Amino acid sequence: MSNPRQIPAGTRFGRLTTISEVYLKAHTSRPWSHGVVMCQCDCGAEPIEVKANSLRTGNTKSCGCQRKEANARRTKTFPVGTRFSRLVTIGEVHKNVDGKPCVLVRCDCGRSEPFLIRTSALLKTTRPTRSCGCAHLSDVPIGTRFGHQVTISLPRSESRDDGKPSEVLVDVRCDCGSDRPVLVKNLLNGDNKSCGCAKDHYAYRGLSRQHPELYKCWTNMRERCLNPGNDAYKFYGGKGVTICGEWRDATTGFPAFVAWAKDHGYEPGLWIDRIDPDDDYRPANCRWITARENILRAGRILDDKDENRMTALRTRTGQSVADIAELALDAFLPPLEGTPS
């Protein structure tokens, strides 16, 4: 029968991981023994003996590095040799030319020379700096999406001339089609989500509030032609249908689209339609039609769910598919002008 007080090797307690089972050790000043276990701390320090009861009660969670970091966070000072994951301080904290406290550190990877870093970057609670950048080299595989961008290369380290740690860059492709290198850290912390085209939501805020239906029409048109993640992309962008440069541009596209719509009879409730369904969205190939005209013109193909509903309704009512479709059109769409209702 196993001992319920035993702690298996590999058990984690905070930053500590047990590397042995519990064994007895004589007390230094009392005539009895107590259970101890060897533990390895995440900071990389030498294994230490810890009382098993201190682990169980949560009184001990690290080799002491956690308390040192807490003290350093309060005082913003720490001795030489303080470890922050892959970084180790090799100098005392001092103020740089800007008056900000900084410290000289060295990374375990050995790729970069020792460099100065702001103490606030080491001590902040969210996404603190923990390496020279080498930790990011395996963080971002090809095809990873960050907002409107997808990585198209593996991260690479590039040295700098100002003595600061090397930068880790990766090539990305934005949904609008532009390619460029960006800092991996800006992708991971959410500071970089597009090449700048996403700012059109803010640039057009006033105009989009004046014409909300046109703005929705314009954004939906862009999505189904330019965004491979859109459900309708396979019927538009996937078949080669795109948007002309005049409407596609992230800074001038929507104002140009609004001007064209006003000059070509747009009214609320109308749908945009391509005259030639195999051609692109461009002023000479587009017009405004009613929802009923759009459905009849598109000749929409029913999917499996629609087929099942149609079959059930036909069985229940005894009506033909044509009769059911006509009833649906009459119920949900207004009649065409000049036709009997």
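The values are calculated or read from the model by the stated rules, or taken from the named source; none is laboratory data. Note that this is a predicted model, so its numbers are computed, not measured. So basically every Cβ, Gly included, is an ideal-geometry build from the backbone, and we count neighbours across all protein chains shown.
For the stretch 56-70, which positions are outside any loop (DSSP other than H, G, I, E, B) and of a type in the set (Ser, Thr, Tyr)?
Thr57
Of the residues Ser194, Ser153, which is of a type in the set (S, T, N, Q), modelled with pLDDT of 85 or more and part of a loop (DSSP other than H, G, I, E, B)?
Unique residue meeting the criteria: Ser153.
Tell me, please, whether a residue that is modelled with pLDDT under 85 and outside any strand (DSSP E or B) can be found in the stretch 279-291.
Yes, because at least one residue in the stretch 279-291 is modelled with pLDDT under 85 and outside any strand (DSSP E or B).
Under 6 Å by Cβ, and 6 or more places apart or on different chains, what pairs join a residue from the stretch 251-269 that is farther than 12 Å from Trp218 by Cβ with one that is of a type in the set (A, V, I, L, M, F, W, C) and surrounded by 14 or more Cβ atoms within 10 Å (Cβ to Cβ)?
Gly265/Trp288
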